[in-house]
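Derivation of every value follows stated rules applied to the coordinates shown; laboratory data play no part. Just so you know, these numbers come straight off a predicted model, no measurement behind them. Here Cβ is always computed from backbone atoms with ideal geometry, including for glycine, and neighbour counts include all displayed protein chains.
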Amino acid sequence: MNRQRMRGVYVVEFAIIGLLLFALLFGVVEMGRLYFTVNTLDEVVRRGARLAAVCDPSDPVEVEKILRRAIFDAEDDDSASDLIGGLETADLNLVYLNEAGATVANPDDLVSATGFRAIRYVQLRVEGFPFELLIPGFGGVFTLPAFRSTIPRESLGRHAEAGVVPEITPC
């Protein structure tokens, strides 16, 4: 065999194997990014629901701070999340639920029995979050499933007043 001809065969073999190897490498990196994104979104809803369970729902500024901290931003930072590209507070849906699991329409109404006093659960959801593939030649966007966390309410930013027995809620 001619050594010069064999060198061309090696180049062709490397091109075929190299293409498969790089596709596999990019696939592993993308799966790692997807796994990171899914786990981070799961932590965002858990963290946000936990903060909402102990913070005052009647203060819109406080609710906005909860959502900013949930996406791992500073309280005064109104940009997208530094951890997950494209995640903003507008993507989060914070709702307060009553015993039956229905949405409490006026959580800031402190007097009504259908307002603040009806809150038994706090739920934070992220729905329809797009994940963009970065693999060259396979670019595409697909929507991740909904993430949600529902936990029992705690203090909701209220403290017992002196001489008043705080309301005890069954969990």
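Largest GNM mean-square fluctuation across 117, 125, 46, computed for the chain with C-alpha springs under 10 Å, falls on 117.
For a quick protection proxy, order the peptides 84-93, 12-21 by their average other-Cβ count within 10 Å, most packed first. Before the final figure, lay out the partial values.
Details: 84-93: 16.2, 12-21: 9.9.
Taking the mean over residues of other Cβ atoms within 10 Å, the ranking is 84-93, 12-21.
Classify the range 31-82 as rounded, prolate or oblate, taking a ≥ b ≥ c as the square roots of the eigenvalues of its Cα gyration tensor: rounded when a/c is under 1.5, otherwise prolate if a/b is larger than b/c and oblate if not. Here the range 31-82 falls in the oblate category.
Counting Lys and Arg as +1 and Asp and Glu as -1 over every other residue whose Cβ lies under 15 Å from the Cβ of residue 130, the net charge comes to -4.
Taking amide hydrogens as placed 1.01 Å from N in the peptide plane, the amide H of residue 122 sits under 5 Å from those of 97, 151, 153, each at least 5 positions away in sequence or on another chain. Which label belongs to the value computed from this structure, given these candidates for volume of the Cα convex hull per residue in Å³: [x] 148; [y] 107; [z] 99? Entry [x]. Compared with the dominant principal axis of the Cα atoms in the chain, helix 3-54 is inclined by about 0°.
Distance from the C-alpha centroid of the range 74-95 to that of the range 102-155: 13 Å, rounded to the whole angstrom.
Distant-in-sequence amide contacts of residue 110, defined by a placed amide H-H separation under 5 Å and a gap of 5 or more residues or a different chain, comprise 116. Given the options 57, 145, 107, state which has the largest fluctuation in a GNM of the chain using a 10 Å cut-off (strictly under) for Cα springs. Result: 145 has the largest fluctuation of those listed.
Given the DSSP H assignment, sum -39500 (n - 2.57) over each helix run of at least 4 residues in the chain and divide by its residue total; what's the result at 222 nm in deg cm²/dmol, nearest 500?
-13500 deg cm²/dmol
Rounded, prolate or oblate: pick one for the range 77-152, where a ≥ b ≥ c are the square roots of the eigenvalues of its C-alpha gyration tensor, a/c under 1.5 means rounded, and failing that, prolate if a/b is larger than b/c, else oblate. Cα axes put the range 77-152 in the prolate bin.
Quick one: angle between helix 60-70 and the longest Cα principal axis of the chain, in degrees between 0 and 90, rounded to 10, please. Approximately 30 degrees, to the nearest 10. Build a GNM of the chain with springs between Cα atoms under 10 Å apart, and of 63, 44, 141 the one that fluctuates most is 141.
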